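Encoded as structure tokens, the structure appears first; notes follow it.
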Amino acid sequence: MQETQQRPVLNVDGLDAGYGEVQVLRDVSFELYEGELLSIIGPNGAGKTTLMRALMGIIIPDSGSIRLGETDLTTVEPNERVAQGVSLISEKRNLFRDMTVAENLKLGTYLSRDDVESSFERIYDLFPRLDERRDQKAGTLSGGEAQMLALGRGLMKRPRVLLLDEPSLGLAPLLIPELFDKITTINENGVSVVLVEQRARKALEIADRGCLLENGEITYRDDAVAMLDKQSVVEQYLGGA
């Protein structure tokens, strides 16, 4: 968590989206500021993953807009959003199991003009275990290592905005503190982060601000500290998470 500059890097305005005739998101609006970590919490079925897919261009909204700085991304294809500086780490991780750690990471540099070797060095510094396993096939990694690889691949192109969809899903409890520490480090290194996470308390503890998504609508937003202190949020969504 860090002090943010009041300049939106991502602006979502009046977003309606869904699947065919099924509307999931309704008039969703929020800003993500430069250097900020924004946590979006809410119950299962609230539309959190749909929101992340819309931000990445996997689904196109029915109305509303998505802007990255001054660039309108609303109808832009996912690969172009990656080129513009947006990276999504989905809950499924989508690793190539028969490819090595290094090969999976290299895929994250697709269409990149950056120095690939320096990108490898940066990721191996952040995730030393990936360095140790660079020649190991992704399908043989532990759950925690696989999540690190998914994060590393998403960071290879130096995104401006990192979208994290349920990064702790399926991880052993002992690995979760390290994961959240890594997310904090990524954010402190200058990457703006939107975090969707069922472990709502932990998500807010590392965030600058939070939004509560219920039935496809943002019903409450505030500084993360204030949300952690709000009794109704604590009772309904935080519990022992």
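Where a number appears in this text, it was derived from the coordinates with a stated rule and is not lab data. Here the structure is a predicted model, which means the values were calculated and not measured. Positions of Cβ are backbone-derived with ideal geometry, glycine not excepted, and every protein chain shown enters the neighbour counts.
At 0.36 nm per residue, and after removing the present C-alpha to C-alpha distance, how many nm does the segment from D72 to T185 gain when stretched out fully?
37.8 nm
Which value, to two decimals, describes the C-alpha radius of gyration of the range 95-158 once divided by 2.2 N^0.38 Å?
Normalised Cα radius of gyration, the range 95-158: 0.98.
Residues in the range 166-182 near a label at I58, defined as backbone nitrogen under 19 Å from the 7 Å Cα→Cβ point?
Output list for this probe position: 166-171.
Compute for the chain: radius of gyration divided by Kirkwood radius, i.e. Rg/Rh, restricted to C-alpha atoms, rounded to two decimals.
0.95
Expressed as an acute angle from 0 to 90° and rounded to the nearest 10, what is the orientation of the C-alpha long axis of helix 116-126 relative to the principal long axis of the chain?
For helix 116-126, the angle is close to 70 degrees.
For Q6 and E121, what is the calculated FRET efficiency with R₀ set at 41 Å and r taken between the beta-carbons, to the nearest 0.05?
Once the sixth-power term is evaluated, E becomes 0.80.
Test of understanding: in a Gaussian network model of the chain with alpha carbons linked when under 10 Å, which of L174, L38, L213 would top the mean-square fluctuation ranking?
Among L174, L38, L213, the largest mean-square fluctuation in the Gaussian network model of the chain belongs to L174.
Working out 0.36 nm times the residue gap between R26 and N215, then minus their Cα-Cα distance, what length gain in nm do you get to one decimal?
Going from the current span to full extension adds 67.2 nm.
Helix 176-188: angle to the longest alpha-carbon principal axis of the chain, degrees 0 to 90, nearest 10?
The answer is roughly 90 degrees.
Quote the FRET efficiency, to the nearest 0.05, computed for D16 versus D131 with a Förster distance R0 of 41 Å and r equal to the Cβ-Cβ distance.
0.40
Contour minus end-to-end for M99 and N44, with contour as 0.36 nm per residue of separation and end-to-end as the Cα-Cα distance?
Value of the extension gain: 16.5 nm.
Between D229, D27, D13, find the one with the highest GNM mean-square fluctuation for the chain; connect C-alpha pairs within less than 10 Å.
D229
Considering only the chain, what is the antiparallel percent among its DSSP beta bridges, to the nearest 5?
So the antiparallel bridges in the chain amount to around 55 percent.
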